[in-house]
Each structure stands twice: as structure tokens, then as C-alpha cells.
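Here the structure is laid out as C-alpha cells; the discussion comes afterwards.
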Amino acid sequence: MPILLQSAAWTALSAHRNAFAGLSLNSLFAEDPARARRLQAEACGLVFHYARNLVRDDTLALLLRLALEAGLPSRIAAMFAGERINTTEDRAVLHVALRRPAGMPSTTEGVDLGAEVEAVRARMRRFSTEVRDGQWLGYSGRRITDIVNIGIGGSDLGPTMVCEALKDLAHPALRLHFVSNVDGVQIGDVLRSADPETTLFIVASKTFTTQETLTNARSARAWLVAHAGNEAAVARHFVAVSTNAAAVRAFGIDPGNMFGFWDWVGGRFSLWSAIGLPIMLQIGAVHFDALLAGAHAMDEHFRSTPLERNLPVLMALIAIWNIDFLGAHSQLIAPYHQRLHRLPAYLQQLEMESNGKSVGADGQPVGCHTSPVIWGEQGINGQHAYFQLLHQGTQPVPVDFIGVLEAGAEDELHHRIAFANLLAQAEALMRGRSAEQAEAEMRAAGLAETRIQALVPHRTFAGNRPSNVILLERLTPFSLGALIAAYEHRTFVQGAIWGINSFDQWGVELGKQLAARVLDELDPARTAALPGDHDASTEALVARYRNRYRR
Ligand code: F6P
């Protein structure tokens with residue numbers, strides 16, 4: 001049996017779960033109304049309100065014991081110390097070093113990371129200031145108006161999400177575009193409307209081998225050269241962000257136009273590195289620094305706060321309780337702020353690519369459920385689409401409701417309506433509506449008794465559905481940085497407790513390898529017969545595609 005499942009805390013939690021068989025959230029609140037004030041953690045301007053979970057103080061004590069038995073404090077220390085905790089790739093995991101303030105010592109294995117990080121950041125600052133101030137000119141001497149980030153996964157989701165979230169701080173004369181899909185539609189749309197004389201491309205790829213990104217980048221490069229009439233224009237319109245200088249050079253981008261980062265920055269943790277260049281171009285270096293400062297503040301909280309008051313640790317423990325002991329295998333992210341609409345997509349990669357694993361770091365089966373399916377979009381749209389299932393479906397789906405207290409530039413009434421909906425949904429999920437309440441409402445509305453009896457089962461809500469509320473005072477670079485870092489650390493803690501390596505992603509390899517082969521076989525010009533070692537479905541569909549292009 002896996003070590004985790006043999007631990008005393010795991011065994012105790014498994015038994016403890018039975019204590020909740022007849023217990024409801026409503027009864028927990030009735031017994032202990034003070035839990036609403038007690039079961040929340042605050043850090044760096046963020047509130048994590050977790051009272052609406054099927055936990056009591058003794059549950060939390062057991063979960064904290066589980067964290068200790070899994071050696072969480074030493075795992076946290078190992079990450080911050082730069083130990084090679086990504087064992088399958090033999091790498092340190094040091095995205096936290098990217099947000100340390102300049103001057104704070106940051107040395108690992110004899111390398112002064114701080115100096116390297118600061119050198120790249122200084123180049124990013126210079127470059128983004130030149131572009132923003134109109135000093136960086138395109139091949140015909142005109143200033144840049146459009147910036148196209150070409151990247152995918154971690155080289156797209158973080159910058160896209162942050163640029164959307166902080167749009168109110170955007171430079172008024174720069175338009176940002178993000179191209180990730182290789183199918184030709186996205187890049188086609190951008191190129192059709194862009195002016196080659198004033199468009200800057202950022203080719204963002206940690207490895208600089210990603211097929212989707214390089215294909216889109218080649219098309220963009222060909223488009224530029226065709227308009228400019230010469231290759232020299234590339235130097236004014238293409239920059240690269242990567243760890244792979246040789247591949248950048250081979251692609252035809254001058255390494256002088258490359259912003260580097262390091263193998264100790266995982267793709268899904270890389271928005272704090274040069275991968276954040278589109279963010280800095282959009283909001284400027286001062287606001288980018290504030291984003292880093294928010295994340296650093298959360299790092300310090302995470303590193304030094306006792307587990308029982310540690311916000312990311314509590315986020316993770318509640319998630320583990322819901323996943324492993326209460327059977328929740330999906331988790332909804334519901335931000336009630338339009339600017340945060342890309343957050344669920346970002347968190348999908350963060351959590352599912354990190355913890356979507358069934359083998360522990362020791363190579364043995366983990367023996368318990370790991371990452372749930374993370375999904376969602378902005379909350380109000382969700383209410384009018386899939387919230388029906390949350391309220392009356394057959395599976396428990398814990399929800400993270402994310403709200404912002406201050407309206408900012410928007411109309412306060414609109415903001416208040418959105419916030420009221422957040423509160424109403426969380427309350428409805430928890431309290432439900434009994435058959436008696438449903439009947440009384442229908443009687444008050446004058447419905448006939450036979451109709452009432454027919455409708456009661458449909459208008460009853462079981463309630464008792466767990467959710468968290470995460471509140472930001474205001475949506476600022478600082479608070480956003482803190483929020484993202486909190487989720488990063490939640491992911492780390494879950495992985496540490498499950499005993500998995502959250503920092504590799506071998507599971508994406510097989511599909512990539514097969515795609516390279518199938519691509520060759522789809523070529524309509526290919527006359528050779530298919531090798532015959534695909535499954536029959538793949539063969540049939542390959543044949544159909546080839547026939548389509550032979551017509
Ligand atoms: O295929 C998954 C992945 O490797 C992610 O981990 C990564 O964020 C993405 O592809 C993009 O990789 P790269 O930045 O190297 O192009």
C-alpha cells in the first residue's frame with residue numbers, strides 16, 4: 001500500500017469521514033455560527049473563506065497532521081533552497097526566485113540567480129520602454145502599434161490571463177494579440193488586420209521546439225518578409241523569449257533580440273520571467289514590478305507562516321479533503337469579475353499539468369485521487385449554463401468563488417449585482433431548499449395542490465455543496481500577483497502531500513510523438529501506403545483526410 005495511505009493521519013481521516021455521514025453544512029453552521037469568522041485565512045490582501053466546507057476543527061487538525069506526516073515543511077524549505085525537487089528532470093524549481101526584490105540574496109548551487117534575473121529584467125525594461133515610448137521603430141521607421149505573442153501552454157496562458165486581468169492599465173496606443181492555435185485561423189485573423197510596418201512579434205517558447213509555436217512564427221515571419229521585401233526587417237519585428245539560444249538563432253532571430261530564462265522555471269510557472277514580456281509591454285515595468293511584489297509577498301507568507309494560518313496550505317488541505325475523502329473529482333473556478341475570465345484556463349494548466357498524475361515521485365502508484373478536473377469561466381455566464389448541475393446534479397463539484405470588493409472604474413451598481421450573485425450562489429449551494437420550503441413557496445404563489453406535489457421533487461435543492469470564497473480588496477497588479485502565487489503554492493502543497501512530482505509533464509509526450517508521425521502520413525502528396533501499425537480508427541480517419549485532398 002502506498003506510504004501516504006498507510007500514514008496515521010490518512011487512516012484517521014478515512015475514519016473521520018464517517019462522522020460526516022449524517023452531518024450537513026447547515027447543521028455545522030447552526031452548532032457553531034462563529035465558524036464563519038474562524039474558518040478563513042488572510043494574507044497579502046487576500047481572504048480565503050472556507051467555512052462552507054464539510055470540515056470541523058478536528059478535521060482541520062487531522063489535515064494539518066497529514067501535511068506534517070507528508071513532510072510538507074521540509075518540502076517547502078527544499079523548494080525555496082533551490083534543491084532539485086523536479087527529480088525526473090533533475091532540476092530545481094525556483095519561480096519564487098523571479099519575484100524576489102532586487103538585492104535580496106538569491107544564490108543556489110553557487111550561482112547568483114539574482115544577478116542573472118536582474119540582468120534579463122533590465123533588458124526587458126529597456127526594450128518595453130522603447131516600444132511603449134515609440135522609440136523602437138519598425139522597418140519603415142514607424143512606431144509599433146500591435147504586439148503579437150506567439151506561444152502556447154505556459155508561454156501563452158499566463159501572459160494572456162494577466163494582460164486581460166490588468167487591461168485597465170494598458171498602454172493606450174498598443175494592441176496585444178495572442179496566437180496559440182496552430183490551425184491557421186488565429187494567426188490568419190491577426191495577420192489580415194495587422195500592418196507589417198507597425199507589428200512586433202514575440203515568439204515565446206521555453207524549448208523553442210514546440211511545433212505549434214514555430215509553425216505560427218514561420219508564417220508570421222514569411223508574411224513580414226513578403227511585405228518588407230527583405231530579411232533585414234526581421235530584426236525590427238521579431239523578438240524571442242526562450243531558454244534555447246541555439247534554436248532561436250537557427251530560426252533566424254538574432255540572439256541580441258532574445259530574452260532568456262532558465263530550466264529552473266517551469267513553463268506553467270513562467271509568467272514572472274521574460275515570458276511576461278507582453279505583460280510588461282502592456283502595463284509598463286512599474287506595474288510589472290508590483291505584480292512580482294504581490295507574488296513575493298505571498299511567497300514570504302507561504303514560507304514563514306505556521307501551517308494552520310497559511311493561506312495556500314489551507315487551500316490545498318481543503319481541496320485534498322474534498323477530493324480524497326468526499327469524492328469530488330472536479331473543481332469549478334468561478335471568478336465574478338470579467339477581467340479574470342481567463343483565470344480558469346490558466347489554472348487548468350497549473351493544476352492539471354502539475355498534479356494530473358497517478359505515479360508518485362518514487363515511481364509507485366499513488367493509490368489515491370490526485371488532481372481533479374479544473375474547469376470554469378466567469379461566474380455569471382456559468383450560472384446561466386452549468387450551475388444547474390452544481391445545484392441539482394448527481395456529483396459534488398466544489399467551487400472557488402472569486403470576488404473583488406472594489407468596483408474600480410466600473411459602475412458600482414453593475415459590480416454590486418455581480419457580487420450579489422456570487423454570494424447568492426454560494427449560499428444556495430450550501431443551504432439548498434427543502435421540500436417544505438418549496439411547497440410553501442408554491443402555495444403562496446397560488447398553485448393547485450396536485451401541481452405542487454408534482455413539482456416538489458423538481459424544485460427541491462439538497463444543498464450541502466461545498467465552496468470557498470476568495471476575496472480581493474481590489475484588482476491590482478499586486479493583488480493579482482498574490483492570487484496567482486497562492487494558487488501556485490496550493491498546487492505545490494497538494495503535490496507534496498500526494499508525493500508526486502508536480503513539475504514534470506511526461507504525459508504530454510506520447511501525443512506529440514504520434515502527431516509528428518501522423519502529420520507525415522496525412523500529406524496528400526505522399527504515395528507510400530500507411531505503415532499499418534496504427535489502430536484501425538486512426539487508419540480510417542487518415543485515409544479520409546487524404547482522400548479529401550486528393551479530390
Ligand atoms: O506540451 C506541454 C508543454 O510542454 C507545456 O508544459 C508548456 O508550457 C508548453 O508545452 C509550451 O512549451 P514551450 O514554451 O517550450 O513552447
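The values are calculated or read from the model by the stated rules, or taken from the named source; none is laboratory data. Everything quoted here is computed from the prediction, not taken from an experiment. Cβ sites come from the backbone with ideal geometry, for glycine too, and all protein chains shown count toward neighbours. Accessible surface areas use protein heavy atoms only, side chains included; no ligands, DNA or RNA. Shrake-Rupley method; radii C 1.70, N 1.55, O 1.52, S 1.80 Å.
Within region 266-291, which residues are open to solvent by 10 Å² or more (accessible area, probe 1.4 Å) and away from the ligand (no atom under 16 Å from the Cβ)? Listed by number, the residues that qualify are GLN282, ALA285, VAL286, HIS287, ASP289, ALA290. Inclusion of ALA529 among residues that are closer than 25 Å to GLU212 by Cα, away from the ligand (no atom under 16 Å from the Cβ) and among the small types (Gly, Ala, Ser) is not warranted. Of all the residues in region 382-408, those that are touching a residue at least 60 places away in the same chain (Cβ under 8 Å) and either over 26 Å from the mean Cα position of the chain (by Cα) or not in a helix (DSSP H, G or I) (or both) number 14. Quick check on this structure: which one of ARG342, ARG309 is of a type in the set (D, E, K, R), within 18 Å of the chain's Cα centre (by Cα) and surrounded by fewer than 23 Cβ atoms within 10 Å (Cβ to Cβ)? Just one listed residue meets the conditions, ARG342. Residues considered: VAL179, VAL190. Of these, the only one that is touching a strand residue (DSSP E or B) at 6+ places or on another chain (Cβ under 9 Å), within 14 Å of the ligand (Cβ to nearest atom) and free of Cβ contacts under 8 Å to residues at least 60 places away in the same chain is VAL179. Taking region 485-516 as the range and being without any contact (Cβ under 8 Å) to a residue 60 or more places away in the chain and surrounded by fewer than 12 Cβ atoms within 10 Å (Cβ to Cβ) as the test, the residues that pass are GLU509, LEU510, GLY511, GLN513. Residues in region 81-115 that are of a type in the set (A, V, I, L, M, F, W, C), at pLDDT 95 or above and open to solvent by less than 10 Å² (accessible area, probe 1.4 Å): VAL93, LEU94, VAL96, ALA97, LEU98.
Of the residues in region 148-155, none is open to solvent by less than 10 Å² (accessible area, probe 1.4 Å) and more than 16 Å from the ligand (Cβ to nearest atom).
Scanning region 22-80 for residues that are exposed (fewer than 15 other Cβ atoms within 10 Å of the Cβ) and either closer than 25 Å to GLY403 by Cβ or in contact with a strand residue (DSSP E or B) (Cβ under 9 Å, 6 or more places away or on another chain) (or both) yields ASN26, ASP32, PRO33, ALA34, ALA36, ARG37, ARG38, GLU42. Of all positions in region 221-229, none carries a residue that is within 30 Å of PHE478 (Cβ to Cβ), more than 16 Å from the ligand (Cβ to nearest atom) and in contact (Cβ under 8 Å) with a residue 12 or more places away in the chain. Would you mind stating whether LEU522 is farther than 24 Å from GLY153 by Cα, open to solvent by less than 70 Å² (accessible area, probe 1.4 Å) and touching a Ser or Thr at 6+ places or on another chain (Cβ under 6 Å)? Judged against the criteria, LEU522 is not a match. Of the set (1) within 30 Å of ARG121 (Cβ to Cβ); (2) out of contact with any His (no Cβ under 6 Å at 6 or more places or on another chain); (3) touching a residue at least 24 places away in the same chain (Cβ under 8 Å), all apply to ALA67 but (1). Screening LEU447, LEU455 for residues that are free of Cβ contacts under 8 Å to residues at least 12 places away in the same chain, over 24 Å from LYS167 (Cβ atoms) and among the aliphatic types (A, V, I, L, M) leaves exactly one candidate, LEU447.
Listed conditions (1) over 19 Å from GLN388 (Cβ atoms); (2) surrounded by 15 or more Cβ atoms within 10 Å (Cβ to Cβ); (3) not charged (D, E, K, R) are all met by ILE417, apart from (2). Within the option set GLY367, GLY382, GLY393, GLY408, being over 20 Å from LEU166 (Cβ atoms) and open to solvent by 40 Å² or more (accessible area, probe 1.4 Å) holds for one residue only, GLY367. Answer yes or no as to whether PRO372 is open to solvent by 30 Å² or more (accessible area, probe 1.4 Å) and either touching a Gly at 6+ places or on another chain (Cβ under 8 Å) or within 25 Å of TYR50 (Cβ to Cβ) (or both). Criteria not met by PRO372.
Might you let me know whether region 33-40 holds any residue that is more than 30 Å from GLU473 (Cβ to Cβ) and either touching a residue at least 24 places away in the same chain (Cβ under 8 Å) or not hydrophobic (A, V, I, L, M, F, W, C) (or both)? Looking through region 33-40, none of the residues is more than 30 Å from GLU473 (Cβ to Cβ) and either touching a residue at least 24 places away in the same chain (Cβ under 8 Å) or not hydrophobic (A, V, I, L, M, F, W, C) (or both).
Counting only residues that are of a type in the set (Gly, Ala, Ser) and away from the ligand (no atom under 16 Å from the Cβ), region 462-518 holds 10 of them. Among all positions in region 258-265, there is no residue which is part of a helix (DSSP H, G or I), more than 14 Å from the ligand (Cβ to nearest atom), at pLDDT 95 or above and in contact with a strand residue (DSSP E or B) (Cβ under 7 Å, 6 or more places away or on another chain). Kindly establish whether PHE201 is within 16 Å of the ligand (Cβ to nearest atom) and touching a His at 6+ places or on another chain (Cβ under 9 Å). Judged against the criteria, PHE201 is a match. Cβ separations smaller than 6 Å between residues 6+ apart or across chains give the following pairs from region 409-428 residues that are among the aromatic types (Phe, Trp, Tyr) to residues that are outside any helix (DSSP H, G or I): PHE419/GLY403. Only residues that are open to solvent by 10 Å² or more (accessible area, probe 1.4 Å) and within 30 Å of ARG37 (Cβ to Cβ) were counted across region 437-467, and they come to 6.
Of all residues in region 231-255, those being open to solvent by 40 Å² or more (accessible area, probe 1.4 Å), in contact (Cβ under 8 Å) with a residue 12 or more places away in the chain and farther than 25 Å from LEU94 by Cβ number 5.
Can TRP321 be described as away from the ligand (no atom under 16 Å from the Cβ), among the aromatic types (Phe, Trp, Tyr), touching a residue at least 40 places away in the same chain (Cβ under 8 Å) and surrounded by fewer than 21 Cβ atoms within 10 Å (Cβ to Cβ)? Quick ask: steps written out before the conclusion?
On the way: away from the ligand (no atom under 16 Å from the Cβ): yes; among the aromatic types (Phe, Trp, Tyr): yes; touching a residue at least 40 places away in the same chain (Cβ under 8 Å): yes; surrounded by fewer than 21 Cβ atoms within 10 Å (Cβ to Cβ): no.
In short, no.
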